[in-house]
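Take a look at the structure below.
The values are calculated or read from the model by the stated rules, or taken from the named source; none is laboratory data. Predicted, not measured: the structure shown is a model, and the values here were computed from it. Glycine also receives a Cβ, built like all others from the backbone with ideal geometry; neighbour counts cover every protein chain displayed. Only protein heavy atoms, including side chains, enter the accessible area calculation; ligands, DNA and RNA are left aside. Shrake-Rupley method; radii C 1.70, N 1.55, O 1.52, S 1.80 Å.
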Amino acid sequence: LYTSLLLSSKLIGVSDYTYRGIVARIPWRKGSVYKQYEGVDLLKYKRSDIKSIDATKKKYALNGSYFLSVGTLNRRKNLENMITAFSLFFEEHGNKEIDYVIVGKCAKGYKTIYDFAKKTHLGNRIRFLGRLDDREVIDLYSGALALLYVSKDEGFGLPILEAMACECSVTTSNIASMSEVGGDTVIKVSSDDVEAIKGALHYIVDPGHAVQLEIQKLAGIERVKEFSWKQCAEFVENIY
């Protein structure tokens, strides 16, 4: 990374967090470091219709409700803490028909996450679906109780925007770029606090919070409009 920073003629941080991280590493290059958010394709990422959601759920034998995580499986994604939180939630909650669906390719050297999940003794309630095509991921966003994206570190966090565009509630970390991208439209917790993550899951399924979650979803739809690939492309063109 450091060599790439030194050899690049211009650098773009895709969040304020990333921008500050670059400048901290090479402060003498601050004049050639810029900040520009990534975007989300709102023609593509939008809530699926019920028929499409049901078809994808049927394909993967998802018969009830589910929480969802999306992204490459690696240690930075904090899956151990999210799986532990789900396991505790599952033991406490009355509805035993809720799954935790994890979508994404497993990084080399991280296969131990499968053994970690098995130790929870939740059988097929923790579902690893691997890498899926975008259409299926959009269906899963659209049908999920919430996206769980409580990573230890992210430069941006595209799944947050994708989920919000699909009218899906989001629980994410209160650090790095994730808090920045989600704004006030997401539930924020500490990535190291399993009890807080578990508490967020209880909050999401509590009928008493349905109105507040719906307000957050509507606010999320408006927020994603601020993140445009067209604006990003125009910015890159202008600095060159």
Open item on the list: Looking at region 196-240 only, could you name the residues that are in contact (Cβ under 8 Å) with a residue 40 or more places away in the chain, assigned to a helix (DSSP H, G or I) and open to solvent by 70 Å² or more (accessible area, probe 1.4 Å)?
Closed with: 229, 230, 231
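Can you name the residue in region 6-25 that is open to solvent by less than 70 Å² (accessible area, probe 1.4 Å) and more than 21 Å from residue 157 (Cβ to Cβ) and is also modelled with the highest pLDDT among such residues? Give the steps one after another, and end with the answer.
In the first step, residues of region 6-25 are kept if they are open to solvent by less than 70 Å² (accessible area, probe 1.4 Å); the result is 8, 10-16, 18-19, 21-23.
So of that shortlist, the ones also more than 21 Å from residue 157 (Cβ to Cβ) come out as 8, 10.
Numbers: 8: 91, 10: 94.
Step by step, filter region 6-25, then rank; the result is 10.
Would you confirm, using the coordinates I've provided, whether residue 160 is outside any loop (DSSP other than H, G, I, E, B), β-branched (Val, Ile, Thr) and buried (at least 24 other Cβ atoms within 10 Å of the Cβ)?
Working: outside any loop (DSSP other than H, G, I, E, B): yes; β-branched (Val, Ile, Thr): yes; buried (at least 24 other Cβ atoms within 10 Å of the Cβ): yes.
It is true that residue 160 is outside any loop (DSSP other than H, G, I, E, B), β-branched (Val, Ile, Thr) and buried (at least 24 other Cβ atoms within 10 Å of the Cβ).
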Open item on the list: Exactly one condition in (1) outside any helix (DSSP H, G or I); (2) over 24 Å from residue 33 (Cβ atoms); (3) touching a residue at least 60 places away in the same chain (Cβ under 8 Å) is false for residue 172; which is it?
Closed with: (3)
TODO: Find all pairs meeting these conditions: Cβ atoms under 6 angstrom apart; at least six residues apart or on different chains; first residue within region 78-93 and in contact (Cβ under 8 Å) with a residue 12 or more places away in the chain; second residue among the β-branched types (Val, Ile, Thr) and open to solvent by 10 Å² or more (accessible area, probe 1.4 Å).
DONE: 81/194; 84/194; 85/194; 87/120
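Where in region 31-136 are there strands (runs of 3 or more DSSP E), lying fully within it, with 2 or more residues that are in contact with a helix residue (DSSP H, G or I) (Cβ under 8 Å, 6 or more places away or on another chain), within 21 Å of residue 173 (Cβ to Cβ) and open to solvent by less than 50 Å² (accessible area, probe 1.4 Å)? Step through it out loud before you land on a result.
Working: elements: 33-35, 66-70, 99-103, 126-130.
Answer list for region 31-136: 66-70, 99-103.
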